[in-house]
1. All but one of (1) of a type outside the set (Val, Ile, Thr); (2) assigned to a strand (DSSP E or B); (3) free of Cβ contacts under 8 Å to residues at least 60 places away in the same chain; (4) touching a helix residue (DSSP H, G or I) at 6+ places or on another chain (Cβ under 7 Å) hold for B:ALA24; which doesn't?
2. Can you tell me which of (1) in contact with a Pro (Cβ under 7 Å, 6 or more places away or on another chain); (2) free of Cβ contacts under 8 Å to residues at least 12 places away in the same chain is the one B:ILE194 doesn't meet?
3. State which residue is surrounded by the fewest Cβ atoms within 10 Å (Cβ to Cβ) when the search covers only the range A:271-283 and only residues that are modelled with pLDDT under 85 and out of contact with any helix residue (DSSP H, G or I) (no Cβ under 6 Å at 6 or more places or on another chain).
4. Return the only residue of A:ILE152, A:ILE175 being out of contact with any helix residue (DSSP H, G or I) (no Cβ under 7 Å at 6 or more places or on another chain) and open to solvent by 40 Å² or more (accessible area, probe 1.4 Å).
5. Select, from A:ASP56, A:ASP74, the only residue that is open to solvent by 70 Å² or more (accessible area, probe 1.4 Å), assigned to a loop (DSSP other than H, G, I, E, B) and of a type outside the set (A, V, I, L, M).
6. Checking A:ILE113 against (1) part of a loop (DSSP other than H, G, I, E, B); (2) out of contact with any Pro (no Cβ under 7 Å at 6 or more places or on another chain), which test does it fail?
7. Name the pairs: first residue in the range B:37-63 and closer than 18 Å to B:ILE88 by Cα and more than 6 Å from ligand 1 (Cβ to nearest atom), second residue open to solvent by 10 Å² or more (accessible area, probe 1.4 Å) and assigned to a loop (DSSP other than H, G, I, E, B), Cβ to Cβ under 6 Å, at least 6 apart or on different chains?
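The values are calculated or read from the model by the stated rules, or taken from the named source; none is laboratory data. Just so we're clear, the structure is a prediction, and the values are computed from it rather than from any experiment. Please note: Cβ atoms are built from the backbone with ideal geometry, for glycine as well, and neighbour counts cover all protein chains shown. To get the accessible areas, we keep the full protein, side chains included, count just its heavy atoms, and leave off ligands, DNA and RNA. Shrake-Rupley method; radii C 1.70, N 1.55, O 1.52, S 1.80 Å.
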Amino acid sequence: MLKYSVKRIILAIVTVFIIALITFFAMNAIPGGPFAKEKAPEAAVQAVLEKRFNLDKPVGEQFFLYLGNLLRGDFGISLKTGREISTTIFESFSISAFLGGMAVILSLFVGLILGSTAALMRNKWPDRIIIFLTTLFVAVPSFILATLLLLIFSYVLGWVKVWSVADQNYLLPIISLALYPMAYITRLTKSSMLDVLGQDYIRTARAKGVKDWMVIFKHALRNALIPVITYVGPLTAYIMTGSLVVETVFTIGGLGSKFVTGINNRDYPMIMGTTIFLATLMVVMTLASDLLYKAVDPKISFD
Amino acid sequence: MANPLLQVKNLHTVFPIQSGEVRAVNGINFNLDRGKVLGIVGESGSGKSVTAYSILRILDYPGNISQGEILYENEDIVRMSPGEMRQIRGARISIIFQDPMTSLNPVYTVQNQLVEAILLHTKRDRKQAKERALEMLQLVGVNEPQKRLKQYPYQLSGGMRQRVMIAMALACEPDILIADEPTTALDVTIQAQILELMQELKSKLGMAIIMITHDLGVIAEMCDEIIVMYAGRICERGTAEEIFYNPRHEYTKGLLRSIPNFALSKERLTPIAGSPVDLLNMPRGCAFAARCDAAMKVCLTEQPEEISINENHKASCWVNVRDTAAEGTEGRQANG
Ligand SMILES: Nc1ncnc2c1ncn2[C@@H]1O[C@H](COP(=O)(O)OP(=O)(O)OP(=O)(O)O)[C@@H](O)[C@H]1O
Ligand SMILES: [Mg+2]
């Protein structure tokens with residue numbers, strides 16, 4: 001277990017390093033730069049600025065300078081606003097994390113319940129309705145759902161106010177983020193549950209005189225959960241990228257929108273900072289779901 | 001005389017599916033007395049497991065009992081509430097299954113699963129239940145029982161898992177143990193060990209056993225009575241002696257012929273020709289008629305009644321009805 005964890009962590013660090021490397025060179029390969037504007041500043045000014053931020057050095061050297069700073073915990077400052085990147089990331093991520101976290105919890109909670117219900121009531125009307133709705137939610141992309149929700153609940157019905165800094169209502173953004181994974185988890189849980197309910201050990205449990213709901217919760221759910229847990233890592237990845245779109249639709253200033261404006265402005269430290277941060281997050285999530293997997297399925301041994 | 005411990009009366013079990021109704025069990029009757037061993041034999045698909053699952057009402061979806069009674073100590077299991085049914089399952093009547101590899105829950109330890117059964121049906125607390133679990137593992141001859149308790153099913157061999165299943169089934173001292181082909185999935189030496197263990201436990205604990213198999217040879221010596229099933233009906237029943245040396249139904253004779261080294265047949269091993277009957281469209285007459293070498297006209301149109309050959313032997317076969325009617329005619333010998 002320890003050996004496995006160490007191996008995975010080293011692998012994770014390498015992964016993040018490679019992502020940083022690729023991003024850095026790709027970013028520098030895009031034409032234009034942070035100070036190349038329509039109204040070009042004077043050549044002398046630009047030269048001073050570039051020297052100040054090491055932009056005059058070869059790209060390779062820049063990369064190692066950046067990495068060196070990073071290891072000291074210094075993400076640099078934004079070339080646009082001059083603020084510390086780490087502060088910006090921290091602030092905007094706390095919004096994204098809240099949105100994403102709530103969406104993950106909501107989709108897991110609703111998905112597991114709906115999926116189990118569909119499995120237990122198979123071929124009856126609750127199953128049919130659940131499967132119809134989830135097919136819909138899986139098929140329609142989140143930005144369309146988000147726009148539709150906004151249109152219906154804010155504009156037509158007027159139940160929920162449009163998000164603004166003054167009135168921070170996260171309900172619609174969370175629902176838009178959660179719908180797809182919720183639908184996916186529902187379907188995953190249903191098929192996995194049906195598979196498990198047909199297993200011999202479920203019959204054994206019933207033959208022992210275990211109560212029906214205990215058969216479901218103790219004997220079936222834990223086995224049915226195994227494929228769902230493998231999905232939690234990718235799910236978080238989905239929600240974090242999905243939130244770029246949803247944050248834009250709802251005009252919420254999360255990490256996603258910082259990332260996008262960073263690219264538009266060629267704000268190199270901002271692009272690098274958000275990329276490395278998101279990559280690390282992904283890698284940690286995947287690692288966590290693998291370790292969680294072990295907790296549920298005794299057959300998985302890591303050596 | 002007291003009533004038998006278990007009486008199955010005119011049991012019908014069906015599986016309604018899209019294309020019709022699969023009639024898995026079609027009106028069977030049998031009794032089981034305390035401490036006796038009843039063998040049920042028949043080809044694959046003859047309804048042995050469905051009969052067993054009906055008794056515990058653990059049929060797979062969409063199976064259900066459409067008709068009949070199952071009296072356990074004179075109470076009808078078919079009409080029991082789910083709560084009453086749970087008092088029976090695992091406590092009064094237990095079952096072990098064909099495939100020990102898949103019958104234990106993979107995500108819980110042996111101890112967890114044993115203790116669960118014990119806590120459900122006895123007044124023991126958790127600590128006493130653990131002691132009982134250990135005691136049961138020792139009883140069924142699991143080596144290093146202390147260590148096994150902490151292990152997960154995947155860490156045990158097939159034979160070991162079946163022993164654990166037996167321990168779990170017997171932990172609450174049931175009156176009846178149903179063993180649904182308990183050795184089919186195991187290799188030959190382990191098979192013998194498990195059967196030996198069951199016999200030993202029976203003499204120690206005194207429960208009645210319903211022993212299901214498709215291999216007559218395996219169970220003959222331990223059974224007080226044997227029931228031969230075909231297409232969800234009982235075609236012949238009697239003591240092992242009668243079934244083996246005086247078979248009356250052509251299907252039984254076919255089964256015997258398919259046993260290797262069986263004394264009755266000097267010929268080569270012959271499986272029964274033809275394929276099992278379509279349970280969605282049961283024939284009007286004897287279900288075996290289409291495959292039977294001795295079939296007569298009446299066999300195709302009417303179901304044979306069960307007639308007594310002697311006090312230890314009954315068969316449902318028109319050939320025997322005719323022979324019994326024509327007084328003095330000896331039972332037909334196997335033709336082939
Ligand atoms: N879930 C089900 N759905 C539909 N039909 C079923 C189902 N389970 C059993 N049956 C029907 O019941 C018949 C009897 O099955 P059963 O399992 O009792 O056979 P068996 O005698 O135990 O055979 P085996 O020796 O293979 O275990 C089968 O032929 C099948 O057609
Ligand atoms: Mg069977």
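1. Single failed check for B:ALA24: (3).
2. So the condition that B:ILE194 fails would be (2).
3. A:LEU281
4. On the way: A:ILE175 fails: out of contact with any helix residue (DSSP H, G or I) (no Cβ under 7 Å at 6 or more places or on another chain).
A:ILE152 is the lone residue from the list that is out of contact with any helix residue (DSSP H, G or I) (no Cβ under 7 Å at 6 or more places or on another chain) and open to solvent by 40 Å² or more (accessible area, probe 1.4 Å).
5. Working: A:ASP74 fails: open to solvent by 70 Å² or more (accessible area, probe 1.4 Å).
Unique residue meeting the criteria: A:ASP56.
6. Answer for A:ILE113: the failing condition is (1).
7. B:TYR53/B:LEU59
Residue-wise test of (1) farther than 30 Å from B:PRO106 by Cβ; (2) within 24 Å of the chain's Cα centre (by Cα); (3) assigned to a helix (DSSP H, G or I); (4) in contact (Cβ under 8 Å) with a residue 40 or more places away in the chain.
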| site | (1), (2), (3), (4) |
| --- | --- |
| A:VAL210 | no, no, no, no |
| A:VAL228 | no, yes, yes, yes |
| A:ILE239 | yes, yes, yes, yes |
| A:TYR293 | no, yes, yes, yes |
